[in-house]
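Undergrad: Following this message is one structure expressed as structure tokens.
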Protein chains: 2
Amino acid sequence: MQQTKFLLDESEIPTHWYNVVADMPNHPTPPLGPNGQPIGPEALTPIFPMSLIEQEVSAERWIAIPDPVREALSLYRPSPLIRAHRLEAALGTPAKIYYKNESVSPAGSHKVNTAIPQAYYNKLAGIKRLATETGAGQWGSSIALAGQMFGLEVRIFMVRVSYDQKPFRRSMMQTWGGQVFASPSMETQTGRAILAKDPANPGSLGIAISEAVEEAASRADTNYSLGSVLNHVILHQTIIGLEAKKQFAKAGDYPDMVFAPCGGGSNFGGVAFPFFADKAAGKNVRLVAVEPTSCPTLTKGAYAYDFGDTAGFTPLMKMYTLGHDFMPPGIHAGGLRYHGDSPLVSQLYHEGLIEAVAVPQLATFEAGVTFARAEGIIPAPESNHAVRACIDEALRCKASGEQKTLFFNLSGHGHFDMASYDRYFAGKLEDYDYPEEAIRASLANLPKVG
Amino acid sequence: MQQTKFLLDESEIPTHWYNVVADMPNHPTPPLGPNGQPIGPEALTPIFPMSLIEQEVSAERWIAIPDPVREALSLYRPSPLIRAHRLEAALGTPAKIYYKNESVSPAGSHKVNTAIPQAYYNKLAGIKRLATETGAGQWGSSIALAGQMFGLEVRIFMVRVSYDQKPFRRSMMQTWGGQVFASPSMETQTGRAILAKDPANPGSLGIAISEAVEEAASRADTNYSLGSVLNHVILHQTIIGLEAKKQFAKAGDYPDMVFAPCGGGSNFGGVAFPFFADKAAGKNVRLVAVEPTSCPTLTKGAYAYDFGDTAGFTPLMKMYTLGHDFMPPGIHAGGLRYHGDSPLVSQLYHEGLIEAVAVPQLATFEAGVTFARAEGIIPAPESNHAVRACIDEALRCKASGEQKTLFFNLSGHGHFDMASYDRYFAGKLEDYDYPEEAIRASLANLPKVG
């Protein structure tokens, strides 16, 4: 029997996270405060514990994973690396395809990898409650689970369109003890102000972040927790790529190309950055961030300072952005709807060290169904972006005869996204390229800096 | 870090299934035909391939698993054996709790273990289509996936109440290419006759079986596929218990008690029968089938010959039964609603070699939430029955101070059952003990035999 699964024991869970800052050719751009000047770590203390702020600004290459965090991660880690023999056969490609199966976490995606350390560090700091936002619901589920594991109350502002489309994601959060509010909500000043103007506002990740940050900033017992974008979040996610490298060593192989979905950037950074370390050391490996054409941050956005949220509560971060008042179309299934992107991912992309591609919605679902019929697992719509880009490359290999080794992150399963698959099968999903003039309009509202 | 996961490599997937018939003190009772006489294997050829019929009547202890079946099973097998340290701590019990995590299959339950070999043997026999029934949807999903793997068309009659309650199970079957009909349906004479009398009939597993058998019996290119009850189905499921025994050996432990949900019996038989082999050889191990009080087949039914379906198409089987026209209450969440039970499980229970317990619905959900908050995974409502019985025993151990080793089958996850969890949290689920007089009434309609 040919080997398909490359497994690690719990004892092989990495002992350190990898910090890409140590290998970047240029130092990361600093976040700016309301006065346009770089902010110090102390500006973040109202919403984050110092241990996470230290990780946020660290330039150390390796950061130790505390034992209780490794222990908690062992709930589902290490995750398998799978050789997709059946998908290769279905495509008739000479390429070798591998995927990391992050859908094995109880919440169904990679997001738990950072939810656990965030809950742990907040608990250590004496915090009682976490406030956060969630879009498609994967992050909210993850932080609800992690909060339960460490005895923290968790309050989740869920983008209204997802809240309505995905009632069972909400039930899942509640099963783990989380409290869920449709955002914009009546719980915060931000939410009340938006609802006063537009009671039917479908919400956005930017609005939900504003609500959660407002709550965290206004209560001493409450901190904020973010599921992507920030440096410490990506740091925690590097456990994916670090495990994958151990597993590729066991497989006696190494990827020519690495694909991951890219919304806020932690999915992509988590799997790709440990390979970037090899690239920085001279290894030939291509790292490809895959985003939707309906929210084309890297491929169509501006590289500029912008707010992380809609209301402008957050520091300004230099990143690819579609403008903080970008409103993603309600027709788009799944996550990857954030207006900005990780500053680290943005800087590496700006410097030409990583690649990005945007794929249209229907093609991603087609790829997901092809994958599901070959490999069994039904991917999350976000993951389908990486599946699509990887299949496209595998088909190019078929045409050229190249035997490349391709690797993608299957970041989550689609069990809570079957309504989107239904709409796809019924011909009710559409492609949507975010219009150039709409991008120009929201970019015109970028804050003026310096 | 204390070890929680006991993993096997794909090369350790068992090479043979275990047939409990070889170790039973008495030969199994034969199925009877319409004339009340034992039927021969040839009576089953209109709906099953000969290879499965041979397994159905075999008394060989070990039956080889074909290589393509092991290869296909490696899609998700071997499944992990998990030591539930966190649940033990949450309960404060000195008992050691282990569970086999069958939720890792792409369809989310153990049912794929028999769907794969059934699809394989039918494909070998030149069959083009499979017809089957599904209750909660786990079996339908599994056979849709397996049909896709071996290039068979799959038609699934889904109990209407589940079809309506679980639209996303249907979407899942469709993603793998299955065709799904609400049962009773207009596709068969059986369905049309029932709907003519009662257009709002909520369906039952017995009716859906009648529809699928009718379709299989009336078309040469179509066979029938059953997800539980029959000997060959339980045979295929023994891979669970066989793997578990290898994993307990690695853990240096052995269960005092084994718990599994029991509806048609393949879940229980699959995990418990390989341990029965040890029990037959003198080992002290208790095997406990757990059923709902709303469908108390083993604990309240009669041990008698009855039809496997509602319409009376199937041979008569000697089993514990509530009567083939038993209609389970629509309020009951999840599966385990079959009126009968596996003849093998029934005979062993009748002879006092295994145990059975019935648990009420609310207590099963309470146990499931306790489990989810400790171990992460949200169990299927069926699995919650085993979780409940295991937790009850762990709490008895807490009271007595006994350090028993307890083992249960986490047969599936609850990702498609969150509506039931919602109703549980909202206080809308009820306990329901199937009334004694209703059982007496349906048992009065048992066929007269001999």
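Undergrad: Could you list, bin by bin from short to long, the percent of Cα-Cα pairs of region A:68-216 in 10 Å steps?
TA: With a bin width of 10 Å, the distribution comes to 12, 35, 27, 16, 8, 2.
Undergrad: Counting only heavy atoms of the protein chains, get the accessible area per residue of the protein assembly as shown (1.4 Å probe) and round it to a whole Å² value.
TA: Here the per-residue accessible area is 32 Å².
Undergrad: Something else about it: Of all accessible surface on the protein assembly as shown at a 1.4 Å probe, what whole percent is carbon and sulfur?
TA: Using a 1.4 Å probe with all protein chains present, the protein assembly as shown comes out at 52 percent carbon and sulfur.
Undergrad: Quick one: work out the % antiparallel among DSSP beta bridges in the protein assembly as shown, nearest 5.
TA: 35 percent
Undergrad: Calculate the FRET efficiency for A:Gln3 and B:Ala280 from the Cβ-Cβ distance with a Förster distance of 45 Å, rounded to the nearest 0.05.
TA: After rounding, the FRET efficiency stands at 0.80.
Undergrad: Right, another one. Got the B:Glu402 label distances to the other copies yet, label 7 Å along Cα→Cβ, in nm, shortest first?
TA: Copy-to-copy label distances at B:Glu402, shortest first: 6.4 nm.
Undergrad: Using only the alpha-carbon atoms, what does chain A span along each of its principal axes? Please give whole angstrom values in decreasing order.
TA: 59, 48, 46
Undergrad: Between A:Ala125 and B:Ala419, what's the calculated FRET efficiency when r is the beta-carbon distance and R0 is 35 Å? Round to 0.05.
TA: 0.40
Undergrad: Run through the other copies and list how far each one's label point is from that of A:Ala193, in nm with one decimal, shortest first; the point sits 7 Å from Cα along Cα-Cβ.
TA: The projected label point of A:Ala193 is separated from its counterparts by 7.0 nm.
Undergrad: Across region B:354-362, in residue order, what do the Karplus-derived ³J(HN,Hα) couplings come to in whole Hz, using 6.51 cos²θ - 1.76 cosθ + 1.60 with θ = phi - 60° and x for Gly and Pro?
TA: Along region B:354-362, the couplings run 10, 10, 9, 9, 10, 10, x, 4, 4 Hz.
Undergrad: Extension gain A:Glu153-A:Ala193, at 0.36 nm per residue separation less the Cα-Cα distance, in nm?
TA: Result: 11.8 nm gained on full extension.
Undergrad: So, one more: So, with +1 on the Cβ of K and R and -1 on the Cβ of D and E, and no other charges, what is the size of the charge dipole of region B:97-167 about its Cα centre, to the nearest 20 debye?
TA: 120 debye
Undergrad: Nearest the rotation axis from B to A, which residue of chain B has its beta carbon, and at what whole-angstrom distance?
TA: Here the nearest residue and distance are B:His415, 2.
Undergrad: Taking the Cα centre of region A:257-405 as origin and charging only Cβ (+1 Lys, Arg; -1 Asp, Glu), how large is the dipole, in debye to the nearest 20?
TA: For region A:257-405, the charge dipole is close to 320 debye.
Undergrad: Between helix A:112-124 and chain A, what is the angle of the helix's C-alpha long axis to the longest principal axis, kept within 0 to 90° and rounded to the nearest 10?
TA: Tilt of helix A:112-124: around 40 degrees.
Undergrad: For the charge dipole of region A:44-106, defined by +1 on Lys and Arg C-beta atoms and -1 on Asp and Glu C-beta atoms about the Cα centroid, which residue among A:Gln55, A:Val104, A:Leu91 has the Cα displaced farthest towards the positive pole?
TA: The Cα lying farthest towards the positive end belongs to A:Leu91.
Undergrad: Moving to a separate point now. On a C-alpha basis, how far is the centre of region A:164-185 from the centre of region B:50-82 in Å? Whole number, if you could?
TA: Result: 41 Å between the Cα centres.
Undergrad: Then there is this: Say the dipole of region A:271-407 comes from +1 at the beta carbon of Lys and Arg and -1 at that of Asp and Glu; which of A:Ala289, A:Cys390, A:Phe326 then lies farthest toward its positive end?
TA: Sorting the options by dipole projection puts first A:Cys390.
Undergrad: Another question, if that's okay. Going through the cross-link list B:Lys111/B:Lys404; B:Lys245/B:Lys404; A:Lys318/A:Lys448; B:Lys111/B:Lys398; A:Lys111/A:Lys166, which pairs have a Cα-Cα distance over 24 Å in this structure?
TA: Cα-Cα > 24 Å for B:Lys111/B:Lys404; B:Lys111/B:Lys398; rest within.
Undergrad: Something else about it: Are any of the pairs A:Lys250/B:Lys246; A:Lys100/A:Lys250; B:Lys100/B:Lys246; B:Lys123/B:Lys246; A:Lys246/A:Lys283 more than 19 Å apart by Cα-Cα distance, and if so, which?
TA: Checking Cα-Cα distances, A:Lys250/B:Lys246; B:Lys123/B:Lys246 exceed 19 Å.
Undergrad: Tell me the label-point distance for the pair A:Ser11, A:Glu366, using the 7 Å Cα-to-Cβ offset, in nm and rounded to one decimal.
TA: Once both label points are built, they end up 4.9 nm from each other.
Undergrad: Have a look at B:Asn26, B:Pro80, B:Gly269 and report the one farthest towards the positive end of the charge dipole of chain B, computed about the Cα centre with Cβ charges (Lys/Arg +1, Asp/Glu -1).
TA: So the residue we want is B:Pro80.
Undergrad: Please report Rg (one decimal) and Dmax (integer) in Å for the Cα set of the protein assembly as shown.
TA: Final numbers for Rg and Dmax: 27.6, 96 Å.
Undergrad: If you take every DSSP beta bridge fully contained in chain B, what fraction is antiparallel? Give it as a percent rounded to 5.
TA: 35 percent
Undergrad: Treat every Asp and Glu Cβ in region A:44-168 as -1 and every Lys and Arg Cβ as +1, leave all other atoms uncharged, and give the resulting dipole magnitude about the Cα centre to the nearest 20 debye.
TA: 300 debye
Undergrad: Still on this structure, please answer the following. Nearest 100 Å² is fine: how much accessible area is buried between A and B, summed over both sides, with a 1.4 Å probe?
TA: Rounded to the nearest hundred, the buried surface is 3900 Å².
Undergrad: Could I ask something else about it? Give the nm distances, rounded to one decimal, from A:Lys128 to the matching residue in every other copy, measuring between label points 7 Å along Cα toward the beta carbon; shortest first.
TA: Relative to the other copies, A:Lys128 has label-point distances of 6.9 nm.
Undergrad: Quick one: what does P(r) look like for region A:322-450 with 10 Å bins over all Cα pairs, in whole %?
TA: The percentages, shortest bin first, are 11, 34, 34, 17, 4, 0.
Undergrad: Using the Karplus curve 6.51 cos²θ - 1.76 cosθ + 1.60 with θ = phi - 60°, work out ³J(HN,Hα) for each residue of region B:342-348 in order, rounded to whole Hz, and write x for Gly and Pro.
TA: So the J values, rounded to whole Hz, are 3, x, 5, 4, 4, 5, 5.
Undergrad: Rank these by accessible area, largest first, 1.4 Å probe: A:Thr293, B:Thr370.
TA: Sorted descending by solvent-accessible area, the residues read B:Thr370, A:Thr293.
Undergrad: For a test of the definition: using alpha carbon positions, the gyration tensor, and the 1.5 limit on a/c, classify region A:263-377 as rounded, prolate or oblate.
TA: Here region A:263-377 falls in the oblate category.
Undergrad: Tell me, what ³J(HN,Hα) does each residue in region B:379-392 have, in order and in whole Hz, if you take phi through Karplus 6.51 cos²θ - 1.76 cosθ + 1.60 with θ = phi - 60° and put x for Gly and Pro?
TA: x, 5, x, 4, 4, 4, 5, 5, 4, 4, 4, 5, 4, 4
Undergrad: Skipping prolines and chain starts, which residues have an amide H placed within reach, meaning under 5 Å, of the one on B:His16, given they are 5 or more residues away or on another chain?
TA: Under 5 Å from the amide H of B:His16: B:Ile65.
Undergrad: Same structure again: By how many nm would the segment from B:Asp433 to B:Asp392 lengthen if fully extended, with 0.36 nm per residue of separation less the alpha-carbon distance?
TA: Length gained, B:Asp433 through B:Asp392: 12.8 nm.
Undergrad: A further question follows. Counting Lys and Arg as +1 and Asp and Glu as -1, what is the net charge of the other residues whose Cβ lies under 13 Å from the Cβ of B:Glu153?
TA: Overall, the nearby charge balance is +3.
Undergrad: For region B:1-148, just run the numbers: alpha carbon Rg, then divide by 2.2 N^0.38 Å, N being how many residues it has.
TA: Its radius of gyration relative to the 2.2 N^0.38 Å reference: 1.29.
The values are calculated or read from the model by the stated rules, or taken from the named source; none is laboratory data. Predicted, not measured: the structure shown is a model, and the values here were computed from it. In this analysis, Cβ positions are derived from the backbone assuming ideal geometry, glycine residues included, and neighbour counts consider all displayed protein chains. We work out accessible area using only protein heavy atoms, side chains counted, and drop any ligands, DNA or RNA first. Shrake-Rupley method; radii C 1.70, N 1.55, O 1.52, S 1.80 Å.
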